[in-house]
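Presented below is the structure to which this report refers.
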Amino acid sequence: MSGPVTELDTPRGGEGSGQPRSPRMEISKGRRATVGDVPVQRILPRRIRRTVGAWCFADHMGPADLEARSGPGVGPHPHIGLQTVTWLLQGKVLHRDSLGSDQVIVPGELNLMTAGRGIAHAEQGTGRYVGPLEGLQLWVALPDADRNGRPGFEHHGDLPAVEIGGAVCTVLIGELGGAESPARRYGDLVGADLTLPAGQARLPLRSDFEYALIMLRGDVDVDGTEVQPGSLAYLGEGRTSLEMTATTGGRTMLLGGTPLSATPFMWWNFVARSPTEVEEAHRDWMERTDRFGPVLSDLERVDAPRPSWLPPAT
Ligand code: MN
């Protein structure tokens, strides 16, 4: 469930975001990819939409059927400069990291890993669970003041779940309609899982945030436009509320935050600001310096691909 970003997702580089600061409705379909053993829809980044606030990556994993010995099956690999937000809709996943964390996650609970200047983790099946697996892995780009800080890991099994404007909202991170998540955040952002009963729902939004919805289930009309599951609906800035109408019901992940002033430089599992920073992280991982510690996992360590802008190794 780690999500290596490739040039299929975005041209590499860190051009400014330069997006209009007004309400809008921009729908993009995910791209099919495979992470470990599991099919995913890469929802973010896309060429037309790099970031939503500090949210810089979103994979919708599965649904897939797991055997006892299968799972997302992503062996130890490094991250820098981001938080990973792991949220399951079905199934179980085991997280282990270089801080010694060993945590099974189930639907309704949150795994939040802060990479700071460097962490490594593995995401794998539990070895026992058999059944469907589906979830989201989201990344938050850390702000400059925190992106070289110490790594951390949090698990939250009791997030606020409240009814707001006709939707049942579980707030993963940030605050929505007065409900605030205990998850550690850096900067102003929100992520919330919304279950929509049949009928209309109306959410309060912040006009200084930009927002998007990852549609997960159902037949939902957002602001007059039908948004299909597997799509990202980018909503822009300047909204104080959002109306959604579900015919039979639906489920969607709301992402929002203060727009970034510059798009991060993303390569593979690294969120950086420059090619040089990525080259250093690549070297530290491949040379096994103490920047990224070891991870206890029976899966194979994942090699970092050589940055594409470097000449071939001799
Ligand atoms: Mn990962």
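The values are calculated or read from the model by the stated rules, or taken from the named source; none is laboratory data. Everything quoted here is computed from the prediction, not taken from an experiment. Every residue, glycine as well, gets a Cβ built from its backbone with ideal geometry; the counts of neighbours run over all protein chains shown.
Filter the stretch 201-227 down to residues that are in a loop (DSSP other than H, G, I, E, B) and at pLDDT below 95 and give me whichever is surrounded by the most Cβ atoms within 10 Å (Cβ to Cβ).
D223
Answer yes or no: is there a residue in the stretch 13-31 that is at pLDDT below 90 and under 15 Å from the mean Cα position of the chain (by Cα).
no
Mind checking which residues of the stretch 100-139 are buried (at least 17 other Cβ atoms within 10 Å of the Cβ) and hydrophobic (A, V, I, L, M, F, W, C)?
Hits for the stretch 100-139 are I105, L110, L112, M113, A115, I119, A120, A122, L133, L136, L138, W139.
Please return the ranges of strands (runs of 3 or more DSSP E) entirely within the stretch 98-155 where 2 or more residues are within 25 Å of T263 (Cβ to Cβ) and within 16 Å of the ligand (Cβ to nearest atom).
110-114, 119-124, 131-141
Please verify whether A64 is away from the ligand (no atom under 15 Å from the Cβ) and part of a strand (DSSP E or B), treating the condition exactly as stated.
Values: away from the ligand (no atom under 15 Å from the Cβ): yes; part of a strand (DSSP E or B): yes.
So A64 passes the test.
Evaluate the stretch 151-162: report whether one residue or more is acidic (D, E), at pLDDT 95 or above and more than 21 Å from the chain's Cα centre (by Cα).
No: the stretch 151-162 contains no residue that is acidic (D, E), at pLDDT 95 or above and more than 21 Å from the chain's Cα centre (by Cα).
For the stretch 69-83, indicate whether the set of residues that are of a type in the set (K, R), touching a strand residue (DSSP E or B) at 6+ places or on another chain (Cβ under 6 Å) and either surrounded by 21 or more Cβ atoms within 10 Å (Cβ to Cβ) or without any contact (Cβ under 8 Å) to a residue 60 or more places away in the chain (or both) is non-empty.
Scanning the stretch 69-83, I find no residue that is of a type in the set (K, R), touching a strand residue (DSSP E or B) at 6+ places or on another chain (Cβ under 6 Å) and either surrounded by 21 or more Cβ atoms within 10 Å (Cβ to Cβ) or without any contact (Cβ under 8 Å) to a residue 60 or more places away in the chain (or both), so the answer is no.
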